[in-house]
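> Handing you this structure, nothing more for now.
The values are calculated or read from the model by the stated rules, or taken from the named source; none is laboratory data. It should be emphasised that the depicted structure is a prediction, and the values quoted were computed from it without experimental measurement. Counting neighbours? That spans all protein chains shown, and the Cβs are built from the backbone with ideal geometry, glycine included.
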Amino acid sequence: MEIQKVGIIGAGQMGNGIAHVMALANYDVVLADVSQHALDKAIALITKNMARQVSREKITQADMDAAIGRIIPTVTVIDAAATDLVIEAATERETVKQAIFDELQPHLLPHTILTSNTSSISITRLASRTDRPERFMGFHFMNPVPVMQLVELIRGIATDQPTYKACKAVVDRLGKTAASAEDFPAFIVNRILMPMINEAVYTLYEGVGSVQSIDESMKLGANHPMGPLELADFIGLDTCLAIMNVLHDGLADTKYRPCPLLTKYVEAGWLGRKTQRGFYDYRGETPVPTR
């Protein structure tokens with residue numbers, strides 16, 4: 001089956017990036033979010049990011065104009081159902097994702113493939129609540145979507161081969177690289193990345209190093225482009241905590257226990273860049289460590 005029309009649920013950090021790359025790859029996009037403000041913000045950000053690509057001669061102005069024209073924003077979530085491929089990119093909470101799929105199900109086309117951009121939640125479990133577990137899989141983009149080259153494709157226990165091949169063809173058309181992952185907690189990237197971030201928070205919690213010394217050590221000592229605490233702020237500390245909880249609950253191993261300091265920051269509402277405070281304070285001209 002050739003996919004032409006894509007429905008994206010959620011216009012936040014991930015959803016707007018997915019809409020951006022899909023529209024540039026000549027897919028018709030229905031971008032749905034319950035918040036008109038989120039949709040307006042997403043379209044403005046997509047326009048700004050594409051304009052930057054034009055200025056760098058990555059795309060032409062005609063490419064940009066055509067791509068923006070392919071994106072239909074809507075506050076009616078079921079508008080995204082009558083498409084060839086649905087990508088759910090809502091918040092990383094299983095109850096929210098399940099409610100979205102429940103709402104979409106009566107309005108889906110017989111051939112519609114359902115996918116989730118979840119970074120950690122069981123694809124098999126999400127699929128089992130739908131009427132098409134064989135046409136359901138994980139479609140996990142990396143952030144920021146227009147820049148990052150990897151997409152994890154995660155098969156649930158029931159996912160069939162035509163569904164995998166159709167999603168792999170989309171990744172190829174986007175000019176990205178697909179990594180096939182089995183359906184175990186946090187898949188590949190976050191299974192490795194999040195414990196590293198959690199260990200960096202433990203290193204801070206135990207007073208082994210300051211925010212600045214931990215990040216500088218990993219940037220200069222391991223050649224990482226961003227320090228782990230800076231990266232945690234970029235991802236969102238609530239997302240990091242949610243993934244660590246999925247790992248801890250799903251694998252029942254104490255090595256995945258979330259650091260109490262990470263929990264404390266989330267309880268304070270200091271979630272990183274999106275709230276202007278996390279391991280760094282972003283309210284001034286330059287970020288300042290908060291510990």
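> Being crowded, with 17+ Cβ neighbours inside 10 Å and in contact (Cβ under 8 Å) with a residue 40 or more places away in the chain narrows it down to one of Pro144, Pro73, Pro133, so name that one.
Exactly one of Pro144, Pro73, Pro133 is crowded, with 17+ Cβ neighbours inside 10 Å and in contact (Cβ under 8 Å) with a residue 40 or more places away in the chain, namely Pro73.
> Only one of these is at pLDDT below 95, under 16 Å from Phe139 (Cα atoms) and of a type outside the set (A, V, I, L, M, F, W, C): Glu2, Glu94, Glu88. Name it.
Glu94
> Please work out if Glu94 is within 19 Å of the chain's Cα centre (by Cα), charged (D, E, K, R) and within 15 Å of Ile18 (Cβ to Cβ).
no
> For segment 274-290, what are the residues that are free of Cβ contacts under 8 Å to residues at least 60 places away in the same chain and in contact with a strand residue (DSSP E or B) (Cβ under 8 Å, 6 or more places away or on another chain)?
Once the filter is applied, which keeps residues that are free of Cβ contacts under 8 Å to residues at least 60 places away in the same chain and in contact with a strand residue (DSSP E or B) (Cβ under 8 Å, 6 or more places away or on another chain), segment 274-290 yields Gly278, Asp281, Arg283, Pro287, Val288.
> Any chance you could count how many residues in segment 78-99 are more than 21 Å from Pro185 (Cα to Cα), in contact with a helix residue (DSSP H, G or I) (Cβ under 9 Å, 6 or more places away or on another chain) and buried (at least 21 other Cβ atoms within 10 Å of the Cβ)?
Going through segment 78-99 one residue at a time, the tally reaches 4.
> Going by the structure shown, is Ile18 under 15 Å from the mean Cα position of the chain (by Cα), crowded, with 18+ Cβ neighbours inside 10 Å and closer than 19 Å to His107 by Cβ?
In short, no.
> Within segment 271-281, is even one residue outside the structural domain of Val21 (by TED's automatic domain parsing), hydroxyl-bearing (Ser, Thr, Tyr) and over 28 Å from Leu126 (Cα atoms)?
yes
> For segment 182-205, name all the residues that are surrounded by 15 or more Cβ atoms within 10 Å (Cβ to Cβ) and of a type in the set (Val, Ile, Thr).
Ile188, Val189, Ile197, Val201, Thr203
> Return only the number of the condition from (1) over 24 Å from Glu94 (Cβ atoms); (2) hydroxyl-bearing (Ser, Thr, Tyr); (3) modelled with pLDDT under 95 that Ser213 does not satisfy.
Failed condition: (3).
> Could you tell me which numbered condition His140 fails, if it satisfies all but one of (1) out of contact with any Lys or Arg (no Cβ under 7 Å at 6 or more places or on another chain); (2) farther than 28 Å from Gly272 by Cα?
Here His140 meets the rest and fails (2).
> Please determine, by comparing only the residues of segment 28-44 that are exposed (fewer than 13 other Cβ atoms within 10 Å of the Cβ) and not aliphatic (A, V, I, L, M), which one is nearest to Ile100 (Cα to Cα).
Gln36
> Let me ask another. State the number of residues belonging to segment 238-275 that are among the polar types (S, T, N, Q) and over 20 Å from the mean Cα position of the chain (by Cα).
Residues in segment 238-275 being among the polar types (S, T, N, Q) and over 20 Å from the mean Cα position of the chain (by Cα): 2 in total.
> Another question about this same structure. Please go through segment 249-270 and give me each residue that is free of Cβ contacts under 8 Å to residues at least 40 places away in the same chain, out of contact with any Cys (no Cβ under 9 Å at 6 or more places or on another chain) and of a type outside the set (D, E, K, R), ordered by number.
Ala252, Thr254, Thr263, Tyr265, Ala268, Gly269, Trp270
> Can you go through Ile8, Ile18, Ile43 and tell me which one is among the β-branched types (Val, Ile, Thr), within 15 Å of Arg70 (Cα to Cα) and touching a Phe, Trp or Tyr at 6+ places or on another chain (Cβ under 7 Å)?
Within the list Ile8, Ile18, Ile43, the selection yields Ile18.
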